Amino acid sequence: MADIYPSSDFDEWAPTYDESVRSEKGFPFEEYETVLKMILRLASPEPGARVLDMGIGTGNLARLYADQGCSIWGLDFSAKMLEIAHSKISGLVCGKADLRREWPPEFDLHFDRIVSAYTFHHFTLDEKRTLVQRILNESLAENGILVIGDIAFQDAAAQEASRARLGSDWEQEEYWLADETISAFHAAGINCRFTPVSYCTGVFQFGTMVADG
């Protein structure tokens, strides 16, 4: 399990993160606000619900749930990002962690909604699948909802078309490919649905598959 990047990289980005994601057009933050709003809609929050934002960053997604009267918990491996999120969201419970590793003990809970935006593309497909399985088994409440929005392409051909168009501006990460993700997750017994938002972004919904009979 490789490290993502030094957390110092994200600490340095934290003060300008909001400006960069909202002002940048095209790859990789095309339709950024639309992605966040779709995650909110698909997770259908209710007042008082306990919501966990994985990779909370500066709190842009989590604040949408706070505005709905939810109780917000956030994990991130950047202390500076967490500081900004905490300044935006009253009552936020923060924890510093690499999502793929052990979480702080206070996060050993069941959450009504678990969400994430623009974080999982740092993880390999196997890491994505392992983490989602762990969340479904250990962290999601009964009848809870897990929704993840991120940089994603329908398939390898769509990703290659974007890479060729962007040329030297392309930055290679472990971007989601919807077709291989759905296949791999279904093989692991995880229900997976993908809704594209733009040519390079989309939202996944996950749940445990129910056996026939």
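The values are calculated or read from the model by the stated rules, or taken from the named source; none is laboratory data. Worth saying up front: this structure is predicted, and the values here are computed from it rather than measured. A quick note on method: Cβ atoms are made from the backbone with ideal geometry, for glycine too, and the neighbour counts reach across all protein chains shown. Accessible surface is based on the protein model in full, side chains and every heavy atom, while ligands, DNA and RNA are left aside. Shrake-Rupley method; radii C 1.70, N 1.55, O 1.52, S 1.80 Å.
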Item checked: Local net charge near residue 59, Cβ-Cβ under 13 Å (Lys/Arg +1, Asp/Glu -1) -> -2
Margin query: Within the stretch 41-66, list the residues whose amide N lies under 15 Å from a label point set 7 Å along Cα→Cβ of residue 87.
Written below: 57-60
Notebook entry, point to check: Taking the DSSP beta bridges in the chain as the whole, what percent of them are antiparallel, to the nearest 5?
Noted result: 40
Notebook entry, point to check: Of the peptides 39-52, 171-184, 141-154, how do they stack up when ordered by the mean number of other Cβ atoms within 10 Å, highest first?
Noted result: 141-154, 39-52, 171-184
Next item on the list: Compute the distance in nm between two label points, each set 7 Å from the Cα along the Cα-to-Cβ direction, one at residue 79 and one at residue 154.
Entry: 4.6
Check: What dipole magnitude, in Debye to the nearest 20, does the chain give about its Cα centre under +1 on Lys/Arg Cβ and -1 on Asp/Glu Cβ?
Finding: 460
Notebook entry, point to check: Got a number for carbon plus sulfur as a percent of the chain's accessible area, 1.4 Å probe?
Noted result: 48
Check: Counting only the heavy atoms of the protein chains, how much of residue 199 is accessible to a 1.4 Å probe, in Å² to the nearest 10?
Finding: 90
Notebook entry, point to check: Taking the Cα centre of each part, how many Å lie between the stretch 38-101 and the stretch 126-164?
Noted result: 18
Check: So how much accessible area does residue 37 have, in Å² to the nearest 10, using a 1.4 Å probe?
Finding: 130
Item checked: Accessible area in square angstrom per residue, the chain, 1.4 angstrom probe -> 48
